[in-house]
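What follows is a set of notes on a single structure, which appears directly below.
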Amino acid sequence: MFLTLNHQKLDVYTASKNLVFACYQLTKALPNDEKIGMISQIRRAALSVHLNIAEGASRKSESERKRYYEIARGSFIEIDAALDIAIKLDYLTNTNINELGELMVKCFKILTGLINSKIIDN
């Protein structure tokens, strides 16, 4: 925000920022008794995706960058699993998570591409 760094130019960084916003918006629809549980977990996992992408992009070695990106990808899995449970509990419907789903797929694909690439530019 205050610094101008290379990670801010990455498509995956922009996509993950949009993902965080969408997760925060969507979790407003969850019941208040999930505030400490599911709401907090989804929001923390979404923020973890974004922050690990930013931190990973700042690392000098390719193996370190990939490790942070892999941690971010793990946080995606957490979000997806939590949303699956939220739907099973009838907290959400498939229709009100479609936009978030599209963002997740887009960001996940970009991130997986970075992890699988031979060279990750810094």
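Determine whether residue 60 is farther than 18 Å from residue 106 by Cα and part of a helix (DSSP H, G or I).
Judged against the criteria, residue 60 is not a match.
Yes or no, residue by residue, for (1) at pLDDT below 90; (2) surrounded by 20 or more Cβ atoms within 10 Å (Cβ to Cβ); (3) out of contact with any Pro (no Cβ under 6 Å at 6 or more places or on another chain):
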residue: 46; (1), (2), (3): no, yes, yes
residue: 55; (1), (2), (3): no, no, yes
residue: 63; (1), (2), (3): no, no, yes
residue: 67; (1), (2), (3): no, no, yes
residue: 74; (1), (2), (3): no, no, yes
residue: 89; (1), (2), (3): no, no, yes
residue: 94; (1), (2), (3): yes, no, yes
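Looking at 3, 10, which is the one that is farther than 30 Å from residue 95 by Cα and at pLDDT below 95?
After ruling out the rest, the residue left standing is 3.
Output the number of residues of segment 21-76 satisfying the condition of being within 13 Å of the chain's Cα centre (by Cα) and in contact (Cβ under 8 Å) with a residue 40 or more places away in the chain.
11
Within segment 1-35, take every residue that is closer than 30 Å to residue 85 by Cβ and aromatic (Phe, Trp, Tyr) and give me the one that is surrounded by the most Cβ atoms within 10 Å (Cβ to Cβ).
Among them, the one singled out is 13.
Please go through segment 1-44 and pick out each residue that is among the charged types (D, E, K, R) and in a loop (DSSP other than H, G, I, E, B).
Matches in segment 1-44: 28 only.
Yes or no: segment 86-95 includes at least one residue that is under 15 Å from residue 11 (Cβ atoms) and in a helix (DSSP H, G or I).
Looking through segment 86-95, none of the residues is under 15 Å from residue 11 (Cβ atoms) and in a helix (DSSP H, G or I).
Looking at the structure I just gave you, is residue 101 closer than 20 Å to residue 22 by Cα and either over 19 Å from the mean Cα position of the chain (by Cα) or among the small types (Gly, Ala, Ser) (or both)?
Taking the combined requirement at face value, the residue satisfies it.
What do you reckon, is residue 15 among the small types (Gly, Ala, Ser) and out of contact with any Lys or Arg (no Cβ under 7 Å at 6 or more places or on another chain)?
No: the conditions fail for residue 15.
The values are calculated or read from the model by the stated rules, or taken from the named source; none is laboratory data. Just so it is clear, the model here is predicted, and its values are computed rather than measured. With ideal geometry, Cβ positions are generated from the backbone for all residues, glycine too; neighbour counts draw on all protein chains shown.
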